[in-house]
Protein chains: 2
Amino acid sequence: MTAWEKALEAIREAGDVVLFLHRRPDGDSVGSNLAMALALLRMGKAVKIVSQDPVPPYLQGLPGADLIRAPQGEPETFSLALALDCADKERTGMALPWLEGAKRVVNVDHHSSNTLFGHINVVDPAASATGELVYRLLTDLEVPLDGAMAKNLYVAILTDTGSFSFSNTTPWAHRIAAHLLEMGVRPAEVAEEVFGSRSEAGLRLWGRAIGRLQREGEGRLVWSYLSQEDFQELGVDAAEGEGIAQELRRLEGVEGAFFFREEAPGLWRVSLRSRGLLNVAELASLFGGGGHPRAAGLTWQGTLEEGSRKLLAEALRLLAEVKS
Amino acid sequence: MTAWEKALEAIREAGDVVLFLHRRPDGDSVGSNLAMALALLRMGKAVKIVSQDPVPPYLQGLPGADLIRAPQGEPETFSLALALDCADKERTGMALPWLEGAKRVVNVDHHSSNTLFGHINVVDPAASATGELVYRLLTDLEVPLDGAMAKNLYVAILTDTGSFSFSNTTPWAHRIAAHLLEMGVRPAEVAEEVFGSRSEAGLRLWGRAIGRLQREGEGRLVWSYLSQEDFQELGVDAAEGEGIAQELRRLEGVEGAFFFREEAPGLWRVSLRSRGLLNVAELASLFGGGGHPRAAGLTWQGTLEEGSRKLLAEALRLLAEVKS
């Protein structure tokens, strides 16, 4: 019997099942778990979903979201723990005892880094999303899909493929999406709900940041800023400035994009983004920050003039090293 | 014989075919025409694509783009003019004599406002993109798809569905995309190529447009503009302003977004976008324009003040009718 068949059997046999959102749950985690939970309920089983962290606002409208509970009190014992989209068991966070207390653990995931922590492991890195695997499980379990399950699966695939645009997008992701649209999913409404709306204040901040955009190093570096004054004038929190560095990186010819936002007077939070040539994790570390090679951050205490001048100088130096 | 069958027959019989990009060509226009042109060449026919306007930079990398010519000199006579994605024959711009001089005109489109100007008209407003119709035509013509055709069809569908997120996205769009990925299309590379980079000038235009953003009707309408002066100062073509209305529509609470761009002194091209409640095709038609219920356009000759005032007044009137 394959792991897939064993997983199907374990699900069929279990009378009570516990499911888990991973820490800082995303669309694939919430969508996959809700679709599975609704299907298990339909099959007549007792189901709980436990989650250390709350569901983010943009996913709270998903059907069945009210089934999700914090892992409070004594862990209950279930005949089956079904972990979806968790690369390792620690991803369940404070819900881990609920997983470890179960008689059987089935681990269904698409991360290649999965540690195979289950008694049964169905790990398919070729799948675009765990939602794709859940769709196939439900098909084989012969659960009739309803609109609620369809919407959850659609959100799982939509978010993990960046609206079908990331390199992990498979023909299967599209075929499943086709079926889910036939089940009544409305793509524009879901996209609006999930990727949604921009606030006017956020847009005006962006307009100001563009107006101040500066380029250096023959255009290979771009930077801009928003000050405390900007946030106060537009009546928004400095957190609204998130994502601007990411947008600046999209400029033609840019290797590195830096965005300064003044979180408190003289205290600048700097986001660094790269297209790959410039290692911004290394750059950030020179200023006591850190992150990934393409996305990093640092905090600068002092004047914008000095901070930007030093950061750009180091960035140009690192870029020159790459080229030589 | 259905119009579909007649169209297939006309294509099969023609030895020489002329195709047309519509004015200000977009991804569906360029992708559909290139896919069809490559297929016709494969079928052994003589093919020309004529286009009044140049192919925008983000689409110039599409395979076969070198087949596109400006309609210069005496119009040549073709046995078949195949108009793809043109709602009316004037959309061919200065290439119109090439269409009118052909012995037969086949009109394939998905705009509900299509004027049925062909001898044979295949108009399917349920199709997400003309690229979807071209895919089906090529299937029925039994042309073996290659990677070049696949990429063109993918771009046609990708751009007209906003990466599979607009309300016009059909199960068919996804099924076709699944097949095109199997033919070798790389979704992340195409997304980067097509949506990827922003020009600095384009970004600065956007910054100015945001700075002038105005809201009416308790915020349900938003509008902005860019003048000839803006385009001249930033040294870019007015075509760079495309897409701004689409972005404005994403503002929280907005039902309708209008964007005016001055293409020549006193000549304003207006893009209208709606979230669904406001029928912008109807609105545009009041000013001699047209399009889809959620995406339409019109041309205004006169002052910005008068144009915006009249357009907003009619939009508020239509919105009030919807609510009552």
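The values are calculated or read from the model by the stated rules, or taken from the named source; none is laboratory data. Everything quoted here is computed from the prediction, not taken from an experiment. FYI the Cβ positions are ideal-geometry reconstructions off the backbone, even for glycines, and counts take in every protein chain you see. Protein only, heavy atoms only, side chains kept; ligands, DNA and RNA dropped before computing areas. Shrake-Rupley method; radii C 1.70, N 1.55, O 1.52, S 1.80 Å.
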**Asked** Which pairs in the list B:48/B:103; B:6/B:151; A:48/A:89; A:6/A:45 are over 24 Å apart, alpha-carbon to alpha-carbon?
**Response** B:6/B:151
**Fill in**
In a Gaussian network model of chain B with springs linking alpha carbons closer than 10 Å, the residue among B:21, B:141, B:82 that fluctuates most is B:141
**Prompt:** What's the average, rounded to a whole number, of partner chain beta-carbon atoms within 10 Å of each residue's beta-carbon in A:46-53?
**Reply:** 0
**Request:** Run the numbers on the range B:246-261: which residues show a drop of 30 Å² or more in accessible area, chain on its own versus all protein chains together, using a 1.4 Å probe over heavy atoms?
**Result:** B:250, B:251, B:252
**Message:** Which one, B:162, B:278, A:80, projects farthest toward the positive side of the charge dipole computed for the protein assembly as shown from Cβ point charges (K/R +1, D/E -1)?
**Reply:** A:80
**Fill in**
Per-residue average of other protein chain Cβ atoms inside 10 Å, peptide B:208-220 -> 2
**Other copies of residue B:313: label-to-label distances in nm, shortest first, labels 7 Å along the beta-carbon direction** = 6.1
**Fill in**
Rounded to a whole number, the mean other protein chain Cβ count within 10 angstrom for residues of A:190-200 is 4
**Asked** Using 1/(1 + (r/R0)^6) with R0 = 25 angstrom and r between the beta carbons of residue A:212 and residue A:301, what's the FRET efficiency to the nearest 0.05?
**Response** 0.75
**Prompt:** Pick from B:264, B:177, B:81: which residue has the top mean-square fluctuation in a GNM of chain B where Cα pairs under 10 Å get a spring?
**Reply:** B:264
**Fill in**
Stokes-Einstein, Kirkwood over Cα pairs, the protein assembly as shown, 4 °C, 1.567 mPa s; D in µm²/s equals 48 µm²/s
**Item:** Sulfur and carbon atoms: percent of accessible area, chain B [1.4 Å]
**Value:** 49 percent
**B/A buried area, accessible surface, summed, 1.4 Å probe, Å²** = 3400 Å²
**Item:** Degrees separating the helix B:200-211 axis from the principal Cα axis of chain B, which is the longest one
**Value:** 40 degrees
**Prompt:** If you put a point 7 Å past Cα along the Cβ direction, how far is that point for residue A:189 from the same point in each other copy, in nm, smallest first?
**Reply:** 3.8
**Request:** Indicate the residues belonging to the range B:157-178 that lose 30 Å² or more of solvent-accessible heavy-atom surface (probe 1.4 Å) upon moving from the chain alone to the assembly of all protein chains, ignoring ligands and nucleic acids.
**Result:** B:163, B:164, B:165, B:171, B:174, B:175, B:178
**Fill in**
Per residue, the convex hull enclosing the alpha carbons of chain A has a volume in Å³ of 161 Å³
**Message:** Using a probe radius of 1.4 Å on heavy atoms only, what accessible surface per residue do you get for chain A? Whole Å² is fine.
**Reply:** 41 Å²
**Message:** Whole percent per 10 Å bin, from 0 to the bin with the longest distance: what is P(r) over all C-alpha pairs of the range A:200-323?
**Reply:** 14, 49, 31, 5, 0
**Prompt:** So which GluC sites (Glu not before Pro) in the range A:85-191 are both in a DSSP loop and have at most 14 other Cβ atoms within 10 Å of their Cβ?
**Reply:** A:142
**Asked** Relative to the longest principal Cα axis of chain B, at what angle does helix B:3-13 sit, 0 to 90 degrees, rounded to 10?
**Response** 50 degrees
**Prompt:** Along the positive direction of the dipole of the protein assembly as shown (beta-carbon charges: Lys, Arg +1; Asp, Glu -1; about the Cα centre), which of A:304, A:30, B:196 reaches farthest?
**Reply:** A:30
**Fill in**
The set of residues whose placed amide H lies less than 5 Å from the amide H of residue B:290, leaving out same-chain residues fewer than 5 positions away, is B:297
**Asked** Taking Cα atoms, how many degrees apart are the long axis of helix A:130-140 and the longest axis of chain A, rounded to 10 and kept between 0 and 90?
**Response** 20 degrees
**Asked** If you take the Cα atoms of the range A:139-199, find Rg, then find the Kirkwood Rh from the mean of 1/r over all pairs, what is Rg/Rh?
**Response** 0.99
**Request:** Kindly rank B:206-212, B:150-156, B:195-201 from highest to lowest mean number of other beta carbons found within 10 Å of each residue.
**Result:** B:150-156, B:206-212, B:195-201
**Message:** Through the Karplus equation 6.51 cos²θ - 1.76 cosθ + 1.60, θ set to phi - 60°, convert the phi angles of the range A:223-236 into ³J(HN,Hα) values in whole Hz; use x for Gly and Pro.
**Reply:** 8, 7, 7, 9, 9, 3, 4, 4, 5, 5, 4, 8, x, 10
**Prompt:** What are the principal axis extents of the Cα atoms in the range B:3-196, in Å, biggest first?
**Reply:** 42, 34, 33
**Request:** Would you kindly work out, in nm and rounded to one decimal, the distances from the label point of residue A:239 to those of the same position in each other copy, ordered shortest first, with label points 7 Å along Cα-to-Cβ?
**Result:** 4.3
**the range B:47-58 - phi-based ³J(HN,Hα) in whole Hz, Karplus 6.51/-1.76/1.60, Gly and Pro as x** = 9, 10, 10, 10, 8, 4, 9, x, 6, x, x, 5
**Prompt:** So what is the relative contact order for chain A, in percent, with contacts set as C-alpha pairs under 8 Å and at least six apart?
**Reply:** 12 percent
**Message:** Using alpha carbons only, how many angstrom separate the centre of the range B:63-98 from the centre of the range A:245-275?
**Reply:** 45 Å
**Message:** Quick check on chain B: helices-only [θ] at 222 nm, where DSSP H runs of length 4 and up contribute -39,500 (n - 2.57) each and the sum goes over total residues. Nearest 500, please.
**Reply:** -11500 deg cm²/dmol
